[in-house]
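Colleague: Following this message is one structure expressed as structure tokens.
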Amino acid sequence: MTDITAWQGRDSIEVLTLELQGETFALEATQVYEILDQTSVTEVPGSHPFISGLVNVRGKVVPLADLRLKFGMEQTAATIDTRIVVTDIVLDGEPITVGILADKVNEVTELTAAVLQETPKIGMKWRPEFIRCIGKRGSEFIAILDIDRIFADNDETTSTHAASALEQSAA
Amino acid sequence: MTANDPSDTFRQEAQELLEQLEQALLDLAARRDDQDLIDSTFRALHTIKGSGSMFGFDAVAAFTHYVETAFDLVRKGVVPLSTDILTVALTAKDHIRNLIEHPGPEVESQGSAILANLERVIDNASSGNAAASSSPADDPAPAPVFEPANAPRAAWRVRLRLPKDAMATGTNPLLLLDELAALGDATIIANTDNVPVAEELDPFECHIGWEIRLITDRPKSAIEDVFLFVLDEMELAIEPLTDQEAAGNGAAGIPATETSIEAAPVRVEAGPQATPDTPAPAPIPAPARSTIAPAAAPEPRQAKTEAAAQKGMGSIRVPAERLDDLMDRVGELVIAQSRLKQVAASSTDAQVKSIAEEIERLALELRDTTMGVRMVPIASLFGRFRRLVHDLAGELGKEIILTTSGEETELDKTVIERLNDPLVHLIRNAIDHGLEPAQQRVENGKQSQGNIRLAARHTGDKVLISISDDGKGLDRNRIQAKAEENGLLAPGTKLSDSELFQIIFQPGFSTAQQVTNLSGRGVGMDVVKKTIDALRGTIDITSTPGAGTTITLRLPLTLAIIDGLLVRVGAGRYVIPLSAVEECVELPAEEDGRSRGRNFLNIRGDLVPFLRLRDLFNATQAPDPFQKVVIVSSGETRVGLVVDQVIGDHQTVIKSLSKLHAKVGTFSGATILGDGTVALILEIAHLVARGQQRDERLRATG
């Protein structure tokens, strides 16, 4: 459902670029509702560390995810640049609004569809199923996040890893 | 509902009609010769057929036509009503629903079997008398359905006037008149008094009234049926004519005579033709025209349906999502208002304070009103179970009497919807396991019919729904034995009745020695428990061996808002539902200092275990010097929750947690506090269970 083929037939896609621990990632901009400054985050004791927080987004209680944990990055304290990107994900067929913690949010930019490349299976430090495809801007490579898969993978088991790898090779 | 799609309107209308139909059929099972019920059954069928064909549901119309024809025979007393007919009629009703909801050749093909069945039972009932007329006669008009009856010929005067916009809404007066004329010898006179002068005439409006003298062998209801679809808006008067008038009219019929009619001070031009250009010399005063049929109607059903129609007029349909949106907005308003209150409290401006108070009052009133809008009487839910009980009784060969009370009790719409499944399970269980077979009941000195009672009532801010049976009751020993066998209980554990009975809600627990089609597989009761927990309700069971079981569900009135106690644990603030809070005490310093192994409080002689929420929530901030204990209860168990600070009471709009946090059982939801931060709402049942586990562990280790 979410791979590079979905964008075939389009000249370019708009993405929001953000930084996690110095690495640049991108989210498809059409999925993004708004970008919030750091606000007070309520911890949910006993929840998965990846989604341990809740924030108030215009009267809605929204889970806050820290993607750095999914990419094996260090969790550092919030800085003046820290932002919360509010976006929709689809989990088990239902849309859920979530906030994503970003160390820094850069810009909305257009990526030419022609230069989008499929995620290489090897040579990446992150799990390949979390990356939808790789875009290129100038000489820089930008990994476009497969946000649905990142949230679907909530059990940290290798089986889901293997399953999605299978799914990919089948497709 | 913004009913842009007319077929949606039909679906909704049919839904209600089918419900009425089902109720009527089930009532008929008990009161088989109740003519009102038979009539309302017929009427519902007729309306479904009529609007079905109007909205293009031809399969529905065709199928319903046969059922209606069959019921017409019943209505006329040609065929006595038998249980078989009712059973088939119920199946037919389900089939109609299927046809409407899943139209397609597959469903349609099932219809012929039902019709064959219907024909058979009608045949049986009438011993071949009138079955022929229920077999296919492809005319949807009601008239040909009637067999030549031997009712005496009677003369009627029918006066009618359609609403002005009748033609715009699709009524064709000519068809109505034709249909009326087909009933017998009719003389139709048009009354053109109200037709305005040409320049003011709107050709799309219907200004003509009619007076019809009808000599027919059909009953009055046949005349009324002609106007079935327009009855609510039109003016209609049906009066029997005196013999002389009838004779005068019936014998001659042709001469245009001016007759004065008793009772009404009206002179009417009687003419042989229904031409609109008939001159109208005598103006008809308004009062005469406004007579409406039920004034002298012999059938009380007429009055009943009119009352129902009037009730319908005063209400509008609103999609549920809009109500939810409204509730959300109001919730946000209440939150914003409580922020304003905080700001106003720190202000010295008297004007600001008074405005803040005004807004507080308005916001709370608005909230109450909005909540009221969502309340629905539980009757709609109880109604569904009559069919269930009826079907189960047939399936199990048990005679069952279902009594309900408190149908008018109102509950939040969402609660009612979610109660359906648990109640189905509980009723099935009561019927299948609770009620003994008739023979056994008689041996035990009970009446052979089993009784199932459904009752609802309000107590405070809770609604109690109870399901009682007068069956054999729960078998304490067997439950205990089974629980020990399954490892749910340590052997020899002593439990109170209500504690022991709670075990039947454990997943996989069933004492049924025989697994039947309906229950006994051990699924279901845990679903009941889960659903009721999710609704923040509790379940109590009382049972007397040999005399029956009562299961009582205790439910909150609404899911949207609760009163909560705001507490602080470490840096986090949490809400405890106020309904669960019994009292707050200070944690005695000596208890606080004691080893973590002994977490008990002495509350007026009772031993109450307590949980340190700081430990549970991994609070890192230094604890407050004087810890407080909030004593909460769930069912009969009490647990103390140790917190750093009790902040105060707080009206809470509940926001459910997303699926991502579904696994965190400690919290039932979240809310937004006055300063805009999110606070979690504690799930008391979960915490109490946790406290109990610890309690049991400690007792086990001594």
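Colleague: So which residues in the stretch A:49-66 are on the phi > 0 side of the Ramachandran plot and either facing chain B (nearest Cβ under 7 Å) or aliphatic (A, V, I, L, M) (or both)? Step through it out loud before you land on a result.
Modeller: Filtering the stretch A:49-66 for residues on the phi > 0 side of the Ramachandran plot gives A:58-59.
Scanning the stretch A:49-66 gives a single hit, A:59.
Colleague: When the residues of the stretch A:121-166 are filtered to those that are within 14 Å of chain B (Cβ to nearest Cβ) and modelled with pLDDT under 65, which remaining residue is most open to solvent (accessible area, probe 1.4 Å)?
Modeller: A:156
Colleague: Which of the residues belonging to the stretch B:643-660 are part of a strand (DSSP E or B) and within 14 Å of chain A (Cβ to nearest Cβ)?
Modeller: Of the residues in the stretch B:643-660, the ones part of a strand (DSSP E or B) are B:643, B:645-653, B:655.
Within the stretch B:643-660, B:643, B:652, B:653, B:655 meet the criteria.
Colleague: May I pose another question? How about the stretch B:69-89: which of its residues are more than 27 Å from the chain's Cα centre (by Cα), open to solvent by less than 20 Å² (accessible area, probe 1.4 Å) and under 12 Å from residue B:125 (Cα atoms)?
Modeller: If the condition is that a residue be more than 27 Å from the chain's Cα centre (by Cα), open to solvent by less than 20 Å² (accessible area, probe 1.4 Å) and under 12 Å from residue B:125 (Cα atoms), then B:70, B:73, B:74, B:79 are the ones that fit.
Colleague: If residue A:72 meets every condition in (1) open to solvent by less than 60 Å² (accessible area, probe 1.4 Å); (2) away from chain B (no Cβ under 14 Å) apart from one, which number is that one?
Modeller: Tallying (1) open to solvent by less than 60 Å² (accessible area, probe 1.4 Å); (2) away from chain B (no Cβ under 14 Å), residue A:72 fails exactly one: (1).
Colleague: Condition test on residue B:551, is it modelled with pLDDT of 85 or more and not assigned by TED's automatic domain parsing to the domain that holds residue B:676? Before you say what the answer is, go through the steps one by one.
Modeller: On the way: modelled with pLDDT of 85 or more: yes; not assigned by TED's automatic domain parsing to the domain that holds residue B:676: yes.
So residue B:551 fits the description; yes.
Colleague: Let me ask something additional. Exactly one condition in (1) in contact (Cβ under 8 Å) with a residue 60 or more places away in the chain; (2) away from chain A (no Cβ under 14 Å) is false for residue B:339; which is it?
Modeller: The single condition residue B:339 does not satisfy is (2).
Colleague: Let me ask another. If residue A:43 satisfies every condition in (1) open to solvent by 50 Å² or more (accessible area, probe 1.4 Å); (2) acidic (Asp, Glu); (3) modelled with pLDDT of 85 or more; (4) more than 23 Å from residue B:571 (Cα to Cα) but one, which is the exception?
Modeller: (4)
Colleague: Ok, one more. Within the set of pairs 6 or more residues apart or between chains, which connect a residue that is under 18 Å from residue B:417 (Cα atoms) and within 14 Å of chain A (Cβ to nearest Cβ) inside the stretch B:314-328 to a residue that is open to solvent by less than 80 Å² (accessible area, probe 1.4 Å) and of a type in the set (D, E, K, R) with Cβ atoms less than 8 Å apart?
Modeller: B:327/B:374
Colleague: Hey, residue B:409 hits all of (1) touching a His at 6+ places or on another chain (Cβ under 8 Å); (2) open to solvent by 20 Å² or more (accessible area, probe 1.4 Å) but one; which does it fall short on?
Modeller: Only one criterion in (1) touching a His at 6+ places or on another chain (Cβ under 8 Å); (2) open to solvent by 20 Å² or more (accessible area, probe 1.4 Å) is unmet by residue B:409, namely (2).
Colleague: Condition test on residue A:95, is it within 13 Å of chain B (Cβ to nearest Cβ) and touching a His at 6+ places or on another chain (Cβ under 7 Å)? Lay out the reasoning, then the answer.
Modeller: Numbers: within 13 Å of chain B (Cβ to nearest Cβ): yes; touching a His at 6+ places or on another chain (Cβ under 7 Å): no.
Taking the combined requirement at face value, the residue does not satisfy it.
Colleague: Related question: Kindly provide the set of residues from the stretch B:610-632 that are more than 14 Å from chain A (Cβ to nearest Cβ) and crowded, with 18+ Cβ neighbours inside 10 Å, ordered by number. Spell out how you get there, then give the answer.
Modeller: Let us first name the residues in the stretch B:610-632 that are more than 14 Å from chain A (Cβ to nearest Cβ), namely B:610, B:622-632.
Selection gives B:610, B:627, B:628, B:629, B:630, B:631, B:632.
Colleague: A follow-up question, please. Based on what the data block shows, is residue B:405 among the polar types (S, T, N, Q) and farther than 24 Å from residue B:561 by Cβ? Break it down stepwise before answering.
Modeller: Details: among the polar types (S, T, N, Q): yes; farther than 24 Å from residue B:561 by Cβ: yes.
For residue B:405, the condition - among the polar types (S, T, N, Q) and farther than 24 Å from residue B:561 by Cβ - is met.
Colleague: Residue A:118 passes all but one of (1) of a type in the set (Asp, Glu); (2) away from chain B (no Cβ under 11 Å); (3) open to solvent by 60 Å² or more (accessible area, probe 1.4 Å); (4) within 22 Å of residue B:572 (Cβ to Cβ); which number fails?
Modeller: Every listed condition holds for residue A:118 apart from (4).
Colleague: Also: Mind listing just one residue for me: the one in the stretch B:668-685 that is within 33 Å of the chain's Cα centre (by Cα), modelled with pLDDT of 80 or more and open to solvent by 10 Å² or more (accessible area, probe 1.4 Å) and, of those, farthest from the other protein chains (Cβ to nearest Cβ)?
Modeller: B:684
Colleague: Here is a further query. Of everything in the stretch B:415-463, what is without any contact (Cβ under 8 Å) to a residue 12 or more places away in the chain and crowded, with 17+ Cβ neighbours inside 10 Å? Give them in sequence order.
Modeller: If the condition is that a residue be without any contact (Cβ under 8 Å) to a residue 12 or more places away in the chain and crowded, with 17+ Cβ neighbours inside 10 Å, then B:441 is the only one that fits.
Colleague: Just to be sure I understand, how many residues within the stretch A:35-48 are more than 7 Å from chain B (Cβ to nearest Cβ), assigned to a loop (DSSP other than H, G, I, E, B) and in contact with a strand residue (DSSP E or B) (Cβ under 8 Å, 6 or more places away or on another chain)?
Modeller: Within the stretch A:35-48, the subset more than 7 Å from chain B (Cβ to nearest Cβ) is A:35-39, A:41, A:48.
Filter once more, so that each one left must be assigned to a loop (DSSP other than H, G, I, E, B): A:38-39, A:41, A:48.
Now restrict to residues that are in contact with a strand residue (DSSP E or B) (Cβ under 8 Å, 6 or more places away or on another chain): A:38-39, A:41.
The qualifying residues number 3.
Colleague: Moving to a separate point now. So for the stretch B:44-53 (the condition being open to solvent by 40 Å² or more (accessible area, probe 1.4 Å) and either over 30 Å from residue B:323 (Cα atoms) or of a type in the set (S, T, N, Q) (or both)), does at least one residue qualify?
Modeller: To start, the set of residues in the stretch B:44-53 that are open to solvent by 40 Å² or more (accessible area, probe 1.4 Å) comprises B:53.
Next, from what is left, pick out any that are either over 30 Å from residue B:323 (Cα atoms) or of a type in the set (S, T, N, Q) (or both): B:53.
The answer is yes, given that some residue of the stretch B:44-53 is open to solvent by 40 Å² or more (accessible area, probe 1.4 Å) and either over 30 Å from residue B:323 (Cα atoms) or of a type in the set (S, T, N, Q) (or both).
The values are calculated or read from the model by the stated rules, or taken from the named source; none is laboratory data. No experiment lies behind these values; they were computed from the predicted model shown. Please note: Cβ atoms are built from the backbone with ideal geometry, for glycine as well, and neighbour counts cover all protein chains shown. The protein model used for the area step is the full one, side chains on, heavy atoms only, and it has no ligands, DNA or RNA in it. Shrake-Rupley method; radii C 1.70, N 1.55, O 1.52, S 1.80 Å.
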